[in-house]
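Notes follow the structure.
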Amino acid sequence: MKCRMCGAKASVNLRQHHMALCKDHFLEWVPAQTERFIKKYAMFIRDEKILVAVSGGKDSLSLWDILQRLGYQADGLYICLGIDEGIQYSAESQRLAESFAAGRGLRLHVVDIQKEYKDAIPVLTLKNRRGKGKDCSICGLVKRHEMNRIARDFGYDVLATGHNLDDEAATLFGNTLNWAGEYLLRQGPVLARKPGLARKVKPLCRLYERDMLAYALLRNIEYIYDECPLSVGAASIQYKELLNRLENQRPGAKLSFYLSFLEARQNGLFIERQAIQAELHPCPICGQPTSAEGLCSFCRMVTPSLK
Amino acid sequence: MVKLVLRNQEYEVHAGMTLLSALQKIGILPEGIVATRTGEMIEEDEILKDGDVIKLITAISGG
């Protein structure tokens, strides 16, 4: 297999694009594609301050690396969830995020959930009825809240996450399987800023997970390889495996699924019903917007822990 | 023989086949992994040689 650009031996086969690239051209192609999507979806401009949510995994660290290479002002945020499960998962993730930042002279904010709210994720999931078999949803709620808080408190214009095409296709698949109309309306490369909520963007949303792994390996980015021990059996992982089977038979199927969805929505397939658009109220504890009057979901969850 | 290693699992296949054939033989989708040999990434058309140890790195993450 030869590189389409130079004819040298290819390192990465991008079957969805009918193209293979050598190491050097692949490492040029990924940032160029990312820049293209940043502009296409009007994610941010060079003057804006970006906060990158980093987990210590391949996607978020690669995103931070790419934004730096492209010359954007991007700081990092690591949220320590306190997940140990015998492999010191959070401690190791934090070490890798800190090592990445220190090695490149980048600013990294660190939030420790247990220090801030008394309980770490494994305890919060046990204490909350919502957490029965839903560790990932509790974790997602906590991360979204804290990302917003830090973005607001430190004056960041935009919050960037390392969601890749496989993440987006799996989410879309799950939402379609459940006909989750409200979620389908919101899913996209950019979630617009609202009062109290930072703009959220996903610059890697059109890059395959396998290609992001190749990027991390070729850039020698040290990342946490272990799967989150609390995500074993998660539906999103099952959906990714299913979609990869389809991709194997029909290269480009995942990309087409996601892009066709974005196009269909833009063409009016989903019409936002004004009547059901919830009015947002500030939470009396944290000030972040919530659809119901009173405490937001996050504060309802952590308040018993603070007593 | 060629050894393929995915996390804690080891598989053996005959030398002379391509990486793609080897993956098909052991039931692993190429879409979900990146393969390396002595630290270098290899693609599906690579012919595996006797004594090769191929490390398969899984791409899927999330929850």
Test for A:ARG15: is it within 22 Å of A:GLN249 (Cα to Cα) and of a type in the set (Lys, Arg): yes
Residues of the range A:60-76 satisfying the condition of being in contact (Cβ under 8 Å) with a residue 40 or more places away in the chain and closer than 18 Å to A:HIS109 by Cα: A:SER60, A:LEU61, A:SER62, A:LEU63, A:TRP64, A:ASP65, A:LEU67, A:ALA74, A:ASP75
Residues within the range A:30-48 that are in a loop (DSSP other than H, G, I, E, B) and not hydrophobic (A, V, I, L, M, F, W, C), tallied: 4
Flag for A:LEU77 being touching a strand residue (DSSP E or B) at 6+ places or on another chain (Cβ under 7 Å) and surrounded by 15 or more Cβ atoms within 10 Å (Cβ to Cβ): yes
When residues of the range A:131-175 are limited to those that are surrounded by fewer than 16 Cβ atoms within 10 Å (Cβ to Cβ) and touching a residue at least 12 places away in the same chain (Cβ under 8 Å), the one nearest to the chain's Cα centre (by Cα): A:GLY174
Residue match in the range A:265-273 (condition: at the interface with chain B (Cβ under 9 Å from one of its Cβ atoms) and assigned to a helix (DSSP H, G or I)): no
Residue within the range B:10-18 that is of a type outside the set (Val, Ile, Thr) and within 13 Å of chain A (Cβ to nearest Cβ) present: no
All positions within the range A:7-29 that are part of a strand (DSSP E or B) and within 8 Å of another protein chain (Cβ to nearest Cβ): A:VAL12, A:ASN13, A:ALA20
Count - residues of the range B:14-63 that are β-branched (Val, Ile, Thr), within 27 Å of A:ILE237 (Cα to Cα) and not in a strand (DSSP E or B): 3
All helices (runs of 4 or more DSSP H) inside the range A:141-232 with 3 or more residues being more than 14 Å from chain B (Cβ to nearest Cβ) and at pLDDT below 95: A:181-186
Counted residues, the range A:226-267 - those being among the polar types (S, T, N, Q) and touching a helix residue (DSSP H, G or I) at 6+ places or on another chain (Cβ under 7 Å): 4
Residue within the range A:92-111 that is closer than 23 Å to A:ARG219 by Cα, of a type in the set (Phe, Trp, Tyr), surrounded by 14 or more Cβ atoms within 10 Å (Cβ to Cβ) and more than 14 Å from every other protein chain (Cβ to nearest Cβ) present: yes
Hey, B:LYS55 closer than 22 Å to A:ASP226 by Cα, surrounded by fewer than 19 Cβ atoms within 10 Å (Cβ to Cβ) and of a type in the set (D, E, K, R) or not: yes
Search result, residues across the range B:32-51 that are in contact (Cβ under 8 Å) with a residue 24 or more places away in the chain, touching a helix residue (DSSP H, G or I) at 6+ places or on another chain (Cβ under 8 Å) and not aliphatic (A, V, I, L, M): B:GLY32, B:GLU43, B:GLU44, B:ASP45, B:GLU46
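The values are calculated or read from the model by the stated rules, or taken from the named source; none is laboratory data. From a predicted model like this one, the values you see are computed outputs, not experimental measurements. Here the Cβ is made from the backbone with ideal geometry for all residues, glycine too, and neighbour counts use every protein chain on show.
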